[in-house]
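First the structure, in the form of structure tokens, and then the observations on it.
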Amino acid sequence: MSKVIEIENLQLTYAPKTSLQRQALQNINLTVESGEFRAIIGPQGSGKSTLLQVMAGLELGLGKVVVDGLDLSQKKNRRILWQRVGVIFQQPERQLFEDSLYNDVAYGPKNMALTSEEIERRVKAALKKVKLGEEYYPLSPFKLSGGQQRRAAIAGILAMEPKILLLDEPTAGLDPRGRQEIMNLFTELCRKQGITTILVSHDMEEVAHRADKVTVLHKGKVFMEGCPQEIFARGNQLAEIGLAVPFASELANALRERGKSIANLTTLVDAEREVGRLLGGRSGRQQ
Amino acid sequence: MARVIEYIYRDSIIHQLNPLSKLAWALGVMVLALTFNDPYYLLALLISVGLVGLTGRVMKDLSGVMKGLSIFALILVLLQVVFYHGAYREAVTLGIAMGLRMMTVVLSFLVFLSTTQYKDIILVLTEKMKLPYDYVFMFMTSLRFVPTFLNEAIQVGYAQQVRGCPIDSGNPWRKMKAYIAVALPLVLISLKKAERLAIAMETRGYGSNNRTYYKEPIISTLDYFVIFLVVVLIIGAIILRCKGLGVLH
Ligand SMILES: Nc1ncnc2c1ncn2[C@@H]1O[C@H](COP(=O)(O)OP(=O)(O)OP(=O)(O)O)[C@@H](O)[C@H]1O
Ligand SMILES: [Mg+2]
């Protein structure tokens, strides 16, 4: 597989040389393969959003950042990046600016010089995917509820059909079913269409179920990196920086501390199987 | 940038002074700067303001602004030289005086604002100077929101940039259109924010009763001394001026 995102020795300081100076990222090395589903987790203020903004070409740090073959230290590359990279910001209302929902979703495609039929097709398809019906089309995006705004923002990005998706807590503010639906949507895009996906999330179950690989940030540095099983097996270290692990991992870690030999777990299905094995071949679910 | 008028937390005598005496000082500096037009007198005044800033340990943070101001002052001098009808020497002196005057006044207010917290300014203006609280609060709050507003503008710009609207594209017409596109959601966001602020304030009892204050700004001996000094300096300046010193004709 080829590398889609390559970051070497990235450094980023906000408001340098003032009293508000703040080193948001330091010494970051990161590679993401094409078609990968990568999760980025970390405590509040650890630099996750900043890292996404660097990948989106919005913030410029020191060091090498190459996205889809474009070296982002060059302005002309940062300027064309938007056609390939879709970004969902942490605050959805910040993403909406047109006078109606329909126009807002159409904003990106219009800038891509598509035919008007193609624009209409994409806008309707995107709004359907996020389950916003036609009755919402003429509404001002600012009149939508928080969860609807989130969906609208997502539709605005999907309509551009990007190759890479950068998602900053895209399900925050959605109800449980909405979370499931939206995450299923992203997973499908990644698995079926090979869209490289970077997900920032505080929801460890979400991360455990969806991600191929997890990067843990802490105080602007990469604290750990690996597949979910490896990462969540180190619950003590994660707890030190204020992070929790999924329920199944916690169970596995606790059993291991009591001397049971058990595999690294992240999902409930795995947990059921392993616990069943520990109980001596019996199925985990009994009458 | 917006950062200029923000309070900078440091531990210094200047920070501990009562806002009233700092305000008196800034106003006094302004009076002095307007009294004289001899560049040497103004330079001395500017240096004294700089020393106060150094004592308040905020000069490093203000250095960026000062650089900008110096360039502005230089342009003032050049303008004087180009447009002044009279001797060349006179024009230069006058230009320098104007530049120094502007820098002195601006710097003194920057030192005042960066060493004094908004809430203390509000407190002094309402309690000591008896201005109506609502108006003072409104004014200070809108000042406070300037940096937030700029930040918001950057974020909206980002949101448009990732959907293909580069604000920094060369064509001025496109640039204009892009700025207008930023302005609209910005106004909407601000209105929403104002509404939220009003609700948040009301739920916490704003305007429901007489206000009391947790912190009473103390007027220390040092404050009396500062105010005394300012008064003496102003009287001294007026006497000097009447004797014709510090003024070029
Ligand atoms: N525009 C900015 N100017 C100055 N400092 C900033 C700015 N944006 C972020 N920071 C600082 O950089 C650090 C990293 O912020 P960032 O938003 O990347 O954190 P995060 O990991 O996304 O946190 P959260 O989980 O709360 O979203 C924080 O300490 C923050 O205060
Ligand atoms: Mg964030």
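The values are calculated or read from the model by the stated rules, or taken from the named source; none is laboratory data. The shown structure was predicted, so the numbers you read here are calculated from the model rather than taken from an experiment. Don't worry about glycine lacking a Cβ; one is built from the backbone with ideal geometry, like all the others, and counts go over all protein chains shown.
Selection over the range B:196-246 of residues that are part of a loop (DSSP other than H, G, I, E, B) and charged (D, E, K, R) gives a count of 5.
Looking at this structure, is A:Ala172 modelled with pLDDT of 90 or more and either among the hydrophobic types (A, V, I, L, M, F, W, C) or more than 28 Å from A:Ser2 (Cα to Cα) (or both)?
Spelling it out, it is not the case that A:Ala172 is modelled with pLDDT of 90 or more and either among the hydrophobic types (A, V, I, L, M, F, W, C) or more than 28 Å from A:Ser2 (Cα to Cα) (or both).
Residues of the range A:166-186 that are away from ligand 2 (no atom under 16 Å from the Cβ) and within 21 Å of A:Lys48 (Cα to Cα): A:Leu174, A:Arg179, A:Ile182, A:Met183, A:Phe186.
Reported count of residues in the range A:197-226, each being within 16 Å of A:Val245 (Cβ to Cβ) and hydroxyl-bearing (Ser, Thr, Tyr), is 2. The lone criterion from (1) modelled with pLDDT of 95 or more; (2) touching a helix residue (DSSP H, G or I) at 6+ places or on another chain (Cβ under 6 Å); (3) more than 7 Å from ligand 1 (Cβ to nearest atom) left unmet by A:Asn29 is number (2). Do the conditions hold for B:Arg10, that is, is it within 14 Å of chain A (Cβ to nearest Cβ), at pLDDT below 90 and assigned to a helix (DSSP H, G or I)? No; evaluated as a whole, the condition is false for this residue. Answer yes if at least one residue in the range B:39-54 is without any contact (Cβ under 8 Å) to a residue 24 or more places away in the chain and more than 22 Å from B:Val232 (Cα to Cα), and no otherwise. Yes - at least one qualifying residue is present in the range B:39-54.
The criterion of at least 3 residues that are more than 14 Å from chain B (Cβ to nearest Cβ) and surrounded by fewer than 17 Cβ atoms within 10 Å (Cβ to Cβ) is met by the following helices (runs of 4 or more DSSP H) wholly inside the range A:61-150: A:116-129. Among the residues here, A:Val4 does not qualify as under 21 Å from the mean Cα position of the chain (by Cα), more than 26 Å from A:Phe232 (Cα to Cα) and either more than 16 Å from ligand 1 (Cβ to nearest atom) or within 14 Å of chain B (Cβ to nearest Cβ) (or both). Yes or no: the range A:7-21 includes at least one residue that is touching a residue at least 12 places away in the same chain (Cβ under 8 Å), exposed (fewer than 15 other Cβ atoms within 10 Å of the Cβ) and over 23 Å from B:Gln155 (Cα atoms). Yes - at least one qualifying residue is present in the range A:7-21.
Go through B:Lys193, B:Lys177 for me and flag whichever is among the basic types (Lys, Arg) and over 30 Å from A:Met112 (Cβ atoms).
Being among the basic types (Lys, Arg) and over 30 Å from A:Met112 (Cβ atoms) holds for just one of B:Lys193, B:Lys177, which is B:Lys193.
On inspection, A:Asn27 fails the criterion of being more than 11 Å from chain B (Cβ to nearest Cβ), more than 16 Å from ligand 2 (Cβ to nearest atom) and assigned to a helix (DSSP H, G or I).
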